[in-house]
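For reference, the structure is listed below as structure tokens.
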Amino acid sequence: MMNPIELKKAVGSGLLSFPVTHFDDQLTFDEAKYRRHVEWLSGFDAAALFAAGGTGEFFSLNPAEIPQVVRAAKASAGKTPIISGTGYGTSLAIEIAKAAEKAGADGLLLLPPYLMFAEQAGLIAHVKAVCQSVGIGVIVYNRDNAVLTAESIARLAEECPNLIGFKDGVGDVDKVIEITTLLGDRLVYVGGMPTHEVYAQAYFAAGVTTYSSAVFNFVPALAQRFYGALRTGDQATVDEILKSFFFPFVALRNRKKGYAVSIIKAGLRVLGQNPGPVRPPLTDLNQEELALLDKIVQANGVSRIAAE
């Protein structure tokens, strides 16, 4: 396992992604297929992979399954760091965090607590308790009902040495700039909007130069090409991929609730891989939507042969 400083450096070094979690027809974790998928992804130079993250259906996994997913990812990822999801209420988040650390996770992504909105003091106490329960690095995910202010992040950074990262899923770039300006290089900053590629240029200007890519699951070469174009200022390539892939992809994703996850598994499906269905309450794409996604993928030169 990496120490927190090593993980911070690794996370900031390149593109990130979070593998989908494979299930069989009975919605049981399919470890063999998951391990093959993680092994395949690790060949495309991801800086780190998030196991049992949001796109990995963390919310539908029971606590006992999460370390199982982490162990499978660690066994298949080679040298690629594995960051486990954790979350829900403080007690359960700590339980999951400790189990993930024991399973070999290099770090944790702390997702928002279940349902409740809370004051800053409560959110600070929650994040601090999780950080203090483990020795590995922690990245806090700012979104939905867990939106920390710049002052709260600064306090946590001072009190929690293993808080190494801030991931934003809110989209208020002015608030992100406030945080990056206040904290400087104390943290690594990660973009975490759904299909973050369509927001990436604005975030790059705010000092957030890495992000987690969901589409990396099924078009990793395209995802890396886009990221490389962003980093080198190749605006023509950025615009080309946005127009040909990401804009139509997002339009299809926005058709129904929950498709930010479902469409990623569908992407693997149109390439001939079988990640299994999403677990309820999510729903899978229908045949018409799968056909539309197939057209988007094929239009960008991604073939089944390439995926295999």
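Here are a few things to note about the model shown:
- The chain: relative contact order as a whole-number percent, Cα under 8 Å and 6+ apart: 18 percent
- Whole-Å distance, taken between Cα centres, linking the stretch 48-68 and the stretch 256-292: 18 Å
- Take the Cα of Asn286, step 7 Å toward its Cβ, do the same at Asn274, and the gap between the two points is 2.4 nm.
- A simple spin-label model places pseudo-atoms 7 Å from Cα toward Cβ; at Ala118 and Gln298 they are separated by 4.9 nm.
- Within the stretch 193-225, backbone nitrogen closer than 12 Å to the virtual label 7 Å beyond the Cα of Glu240 toward Cβ: 225
- Distance from the stretch 230-249 to the stretch 104-133 (C-alpha centre basis), Å: 35 Å
- Long-range HN-HN contacts of Thr210 with modeled amide H, under 5 Å: Gly191
- Rg/Rg_ref, the chain, where Rg_ref = 2.2 N^0.38 Å and atoms are Cα: 0.93
- DSSP bridge analysis restricted to the stretch 2-231 gives an antiparallel fraction near 5%, rounded to the nearest 5.
- Stretch gain in nm, segment Phe247-Ala205, where the contour uses 0.36 nm per residue and the Cα spacing is subtracted: 13.1 nm
- Between Asn3 and Lys257, the contour length at 0.36 nm per residue exceeds the alpha carbon distance by 87.7 nm.
- Stretching the chain fully between Ala64 and Val198 yields a gain of 44.7 nm (0.36 nm per residue, less the alpha carbon separation).
- A cut-off of 5 Å between modelled amide H atoms, ignoring neighbours fewer than 5 places along the same chain, links Ala48 with Ser17.
Just so you know, all these numbers are worked out from the coordinates, no wet-lab data involved. Please read these numbers as outputs of a predicted model, since none were measured by experiment. Neighbour counts are summed over all protein chains in view; Cβ atoms, including those assigned to glycine, are modelled from backbone coordinates with ideal geometry.
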